[in-house]
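Comments concern the structure below.
The values are calculated or read from the model by the stated rules, or taken from the named source; none is laboratory data. Since we're looking at a predicted model, the values are computed, not measured. Backbone-built Cβ (ideal geometry, glycine too); neighbour counts: all protein chains shown.
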Amino acid sequence: MSDSLRIAFVHFAPEHGNKEKNLETLLALNAGAAEKGARILLNTELACSGYTFRTRQEVGRVTEEIPGSTTDAFAELAGRYGAYVAFGLPETTTLTKMYYNSGVMLDPAGDLVLHYRKINTEIRWACPGSPYQKNVVRTPWGRIGLLVCSDAYHSLIPRVTALRGADLVLVPANWPTSGLDPRRIWRARARENGFYLAVCNRGGYEPHLDARNSHSGLYTPEGEAFMENSVPESGVFLCDLPLKNGRIRSGGVRKLKRKRRPELYHDVYLDLRSVRDLTSFYELPEPGPVRFAAVPVPGLLDRSEMLDMVHRKLSDLSGKVELAVLPGALHRSSHHSETMEVFDRFEEMVGAFKMMIGWGHEEASSDRILRYVNKVRPGGKTESRRDSHFEKDVPRSADTILPDLTDHGAARIGVGSIDEFLQPEVSICLSKLGADFLLGCGNSFDAGDFDVLATRAFDYTHFAAAGWDWAFVALPPVEHTTWRTVLEKERPIIETLDTSHVRAKPFQDRLDVRRLLKP
């Protein structure tokens, strides 16, 4: 029994529009990798055609049906070497003449086992694929999934693939590292779903696209780069994925399901594409600038020390911000009266310093710990809600709910825990209900979680969080540029953001919502 699975990343620089030459070169590169022991041959997106087609007329010259001549050629290679082969190509259908950016996977017998049409696809010429199409297949090493390039950008397409049982997801890609660097996104998608993610990017240059700095990579279920490599033109990277008892190690769909609360996620199916003005649709506050802070506080302080520390930090921010997020579990007690005293002190500080704050506390009993998320506005009482995703809160309470939204100043705000916001369904639900800001109350966690939380800005909200000695902010990307994130140790982060920037929310709504909501 082998202790590793060799994957070949055929990082290819296609010649734009030269289908025959590209196919000849690809077959040679794949054969060479198979001769070196690769059992999975992973190729780039639109490998035989090139990428930058501007019209249906341009791409129509290189489209073909599936199965067709290209899949036949790769099927012969797969059968000859006994390998799985995955690659991308532009597809057409005889009946409708519709075009698709497609990915296929062939098994060692040369049979077509996955035929996947990209969902988040090229709007100039390609038709989106169905969200219900099959994209996971059993192999001797576990379940392998298939996505195409930017289908990994939006969090819920990879999430559906994970819920279908994928241990390893193959991604033919065409994504230069300049602008919006995809490597952080790939780490986040692997970690939040608990699967291996193998991405084969491309090299070379063609009209409107310089891919000479693109990276291919393999990412672990912990969100770490197991392999990353790049060449300006074409190259083949071999990577040995470790196996355990001949199987791919992954977080597993069972572990993922233990973290989720699908009975709370029903707002993911809301379709807002026809809504042009969320401000009037949801009666949101008039958009405008909001000054806010993410404020770290040391953990494990006694009650008096904690209250003094919070008072000093909020006093320093008085008059500078109107909104602040503090850590979770600032206070733990088994006595309700002590918790009420802490609430009173926070309400006094909020009134004195004239800012809304979010923070968390824990209540301990002889057999369990319950975690709560709190928010309080000037002149108001503390609103406390049980953390809906705290892993130690077992059995789950039917009374827990997702964060409710609060209007304050020019913003609609959701306050939640880090455990809640590590699940992409939560941030998307709140964003679809009009959230401008998401505030996360945390404790301590490792760097991989920052990659996951950074992508919450892709859900068209501003995200800010604070924990024990750290503060973090992620801001939505502007078009196709790298999104801005800030991480500070010990010092607060202070920012001014305009809520008008997140009132247009073009969600990816081609989703298998039945899978997302299935218990």
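Summary of values
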item	result
Some residue of the stretch 403-413 being β-branched (Val, Ile, Thr) and either closer than 20 Å to Met356 by Cβ or not assigned by TED's automatic domain parsing to the domain that holds Trp483 (or both)	yes
Considering residues of the stretch 201-225 that are hydrophobic (A, V, I, L, M, F, W, C) and surrounded by fewer than 22 Cβ atoms within 10 Å (Cβ to Cβ) only, the residue farthest from the chain's Cα centre (by Cα)	Leu209
Filtered residues of the stretch 4-30 (kept if under 10 Å from Ala83 (Cβ atoms) and either in a helix (DSSP H, G or I) or of a type in the set (D, E, K, R) (or both))	Arg6, Asn30
Counted residues, the stretch 31-66 - those being in contact (Cβ under 8 Å) with a residue 40 or more places away in the chain, outside any loop (DSSP other than H, G, I, E, B) and touching a helix residue (DSSP H, G or I) at 6+ places or on another chain (Cβ under 7 Å)	4
Check on Arg189, under 19 Å from Thr482 (Cβ atoms) and either assigned by TED's automatic domain parsing to the domain that holds Gly82 or at pLDDT below 95 (or both)	yes
Among (1) assigned to a strand (DSSP E or B); (2) within 20 Å of Ile144 (Cβ to Cβ) - the single one Glu91 does not satisfy	(2)
Enumeration of residues in the stretch 386-413 that are in a strand (DSSP E or B) and without any contact (Cβ under 8 Å) to a residue 40 or more places away in the chain	Arg386, Leu405
Residue satisfying condition, being touching a helix residue (DSSP H, G or I) at 6+ places or on another chain (Cβ under 7 Å) and either surrounded by fewer than 16 Cβ atoms within 10 Å (Cβ to Cβ) or charged (D, E, K, R) (or both), within set Ser318, Ser334	Ser318
Flag if Gly251 is closer than 20 Å to Phe445 by Cβ, of a type outside the set (D, E, K, R) and modelled with pLDDT under 95	yes
Which listed residue, of Leu284, Leu307, is in a helix (DSSP H, G or I), in the same structural domain as Asp393 (by TED's automatic domain parsing), more than 30 Å from Lys518 (Cα to Cα) and at pLDDT 95 or above	Leu307
Where a residue in the stretch 132-149 is surrounded by fewer than 24 Cβ atoms within 10 Å (Cβ to Cβ) and among the small types (Gly, Ala, Ser) and its partner, wherever it lies, is modelled with pLDDT of 95 or more and in a loop (DSSP other than H, G, I, E, B), with Cβ under 9 Å and at least six apart	Gly142/Gly165; Gly142/Ala166; Gly142/Asp167
Residues located in the stretch 427-475, provided they are closer than 18 Å to Val297 by Cβ, part of a loop (DSSP other than H, G, I, E, B) and touching a helix residue (DSSP H, G or I) at 6+ places or on another chain (Cβ under 8 Å)	Gly442, Asn443, Phe445
Only one of Val290, Val350, Val295, Val342 that is over 30 Å from Arg503 (Cβ atoms), in the same structural domain as Ser431 (by TED's automatic domain parsing) and either touching a helix residue (DSSP H, G or I) at 6+ places or on another chain (Cβ under 7 Å) or not basic (Lys, Arg) (or both)	Val342
Subset of the stretch 97-126 (residues that are surrounded by fewer than 18 Cβ atoms within 10 Å (Cβ to Cβ) and more than 20 Å from Asn43 (Cα to Cα))	Lys97, Met98, Ile123, Arg124
Qualifying positions in the stretch 354-378 - surrounded by fewer than 20 Cβ atoms within 10 Å (Cβ to Cβ) and either within 14 Å of Arg303 (Cα to Cα) or at pLDDT 95 or above (or both)	Lys354, Glu363, Pro378
Single residue of the stretch 476-507 satisfying the filter (within 24 Å of Phe281 (Cα to Cα) and not in a loop (DSSP other than H, G, I, E, B)) that is nearest to the chain's Cα centre (by Cα)	Val502
